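Visitor: Once you've had a glance at the structure underneath, I'll fire off some questions.
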Amino acid sequence: MPEAATASPESQTAGIEKLSQPANSNIKRVVAVMSGKGGVGKSSVASLLATELARRDFSVALLDADITGPSIPKMLGVAGTPATLGNQLIPESSRSGIRVMSLNLLMEREDEPVIWRGPLIAAAVKQFWSDVLWGDVDYMIVDLPPGTGDVPLTVLQSLPVDSVVIVSTPQDLSAMVVKKAVNMVKMMDVPIAGLVENMGWLVCPKCGERLEPFGPRKAEKMAAQMEIDYLGSLPLDPLVSELGDQGRIDEYKPETLATIVDLLLEKVKPT
Ligand SMILES: Nc1ncnc2c1ncn2[C@@H]1O[C@H](COP(=O)(O)OP(=O)(O)O)[C@@H](O)[C@H]1O
Ligand SMILES: [Mg+2]
């Protein structure tokens, strides 16, 4: 097997230093949102976590590190081209006051593909940390691309990440993909706040009964097996995609979100 395939993230971390605070900014806490694979609702969950933190009057930023599949601006209804001040980019603010930086905001056309190789993508993510005038931020949420590739590695190595939230759905819980993500974070010695299960259950629109379309839920058990905490579950709800598509996901307030954020705040205390 080629050496690169077996080298541990630790061995690749050697000598890599964390980036310092961006100029004129003080980012107190950084929470990365990660998943084993795509389509589990990671960006939706990242947006909802940021929204709930903003509701609690924290100053919140959302760094969209999914360079080739950015979806944060669309979900939060953020448009416009970031202005520059000196050599720093100014993040765009959402209606709910979340400061957002995403490659989508810098593209002329939102349907234009980003056809870049890994190193360029990783460099862009670092620039989104260093070259943006973030200002004073209590919590920065980083929406990672799915999986354990180049960008998650770069973010965990280079940004001062305080904690990672793992998102999964009931269908992929049994798969080893979630464990891969968890193991990667552990190997990098970054704390894991816990697991958020997305689309765990749904309420029947006709009878109001709570259904578990993917069979009995096992998120708590899986979290225990992986020796991480279970933060809670969000429902499968057509409103998520409806509001997300309309750029209004910050209007969504599932009843379990507050508890998830309570637990997150216990793990990653405000400073
Ligand atoms: N809890 C949910 N209920 C219903 N639809 C959801 C839920 N979470 C996410 N979705 C939808 O699933 C799709 C993928 O979600 P997204 O957050 O973009 O996932 P990821 O970032 O993991 O690829 C989107 O269309 C989104 O609206
Ligand atoms: Mg996404």
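Rule-based calculations on the coordinates, nothing more; no lab input. Just so we're clear, the structure is a prediction, and the values are computed from it rather than from any experiment. Note: ideal-geometry Cβ built from the backbone for every residue, glycine included; neighbour counts use all protein chains shown.
Visitor: Rank Val142, Gln171, Phe128 by how far each Cα sits towards the positive end of the charge dipole of the stretch 114-182 (+1 on Lys, Arg Cβ; -1 on Asp, Glu Cβ) and give me just the farthest.
Guide: Checked the options; the winner is Gln171.
Visitor: In terms of Cα to Cα distance under 19 Å, which lysines are near enough to Lys179, apart from those fewer than 8 places away along the same chain?
Guide: Hits, sequence-local ones excluded: Lys37, Lys42, Lys218, Lys221.
Visitor: Under a 10 Å cutoff between Cα atoms, tell me which one of Ile260, Ile98, Ile115 has the largest fluctuation in the Gaussian network model of the chain.
Guide: Among Ile260, Ile98, Ile115, the largest GNM mean-square fluctuation belongs to Ile115.
Visitor: Using alpha carbons only, what's the Rg to Rh ratio of the stretch 22-267 with Rh from Kirkwood?
Guide: Values: Rg = 17.2 Å, Rh = 18.1 Å.
Radius of gyration relative to Kirkwood radius: 0.95.
Visitor: Oh, and also: Can you list the residues, at least 5 places off or on another chain, whose amide H is less than 5 Å from the amide H of Val137, using H built in the peptide plane?
Guide: Here the answer is Asn26, Ile27, Lys28, since their amide H atoms fall under 5 Å of that of Val137.
Visitor: Among Asp111, Asp250, Asp57, Asp143, what is the fewest-to-most ranking by other Cβ atoms within 10 Å?
Guide: On the way: Asp111 5, Asp250 22, Asp57 9, Asp143 27.
Ranking Asp111, Asp250, Asp57, Asp143 by Cβ neighbours within 10 Å, fewest first, gives Asp111, Asp57, Asp250, Asp143.
Visitor: For every helix of n ≥ 4 consecutive DSSP H residues, a contribution of -39,500 (n - 2.57) applies; sum these over the chain, divide by its total residues, and give [θ] at 222 nm rounded to the nearest 500 deg cm²/dmol.
Guide: Values: 10 runs with 88 residues, N = 271.
The per-residue figure over the chain is -9000 deg cm²/dmol.
Visitor: Please rank Leu48, Leu156, Leu85, fewest neighbouring Cβ atoms within 10 Å first, as an exposure proxy.
Guide: On the way: Leu48 27, Leu156 23, Leu85 10.
With the sparsest Cβ surroundings first, the list reads Leu85, Leu156, Leu48.
Visitor: Related question: For Thr271, project a label point 7 Å along Cα to C-beta. Then give me every residue of the stretch 37-65 with its amide nitrogen under 16 Å of that point.
Guide: 59-61
Visitor: Which one, Gln246, Thr68, Ser35, projects farthest toward the positive side of the charge dipole computed for the chain from Cβ point charges (K/R +1, D/E -1)?
Guide: Ser35
Visitor: What is the sum of charges, Lys and Arg at +1 and Asp and Glu at -1, for the other residues whose Cβ falls under 9 Å from the Cβ of Leu62? Before the final figure, lay out each step's value.
Guide: Values: positive: Arg99; negative: Asp64, Asp143.
The answer is -1.
Visitor: Explain nothing, just the number: relative contact order of the chain, from Cα pairs under 8 Å at least 6 residues apart, as a whole percent. The partial results should precede the final answer.
Guide: On the way: 537 pairs, mean separation 71.9, N = 271.
Relative contact order comes out at 27 percent.
Visitor: To the nearest 0.05, what FRET efficiency results for Asp189 and Asn26 with a Förster distance of 35 Å applied to their C-beta separation? Show your work: numbers first, answer last.
Guide: Details: r = 24 Å, r/R0 = 0.68.
The pair Asp189/Asn26 has a calculated efficiency of 0.90.
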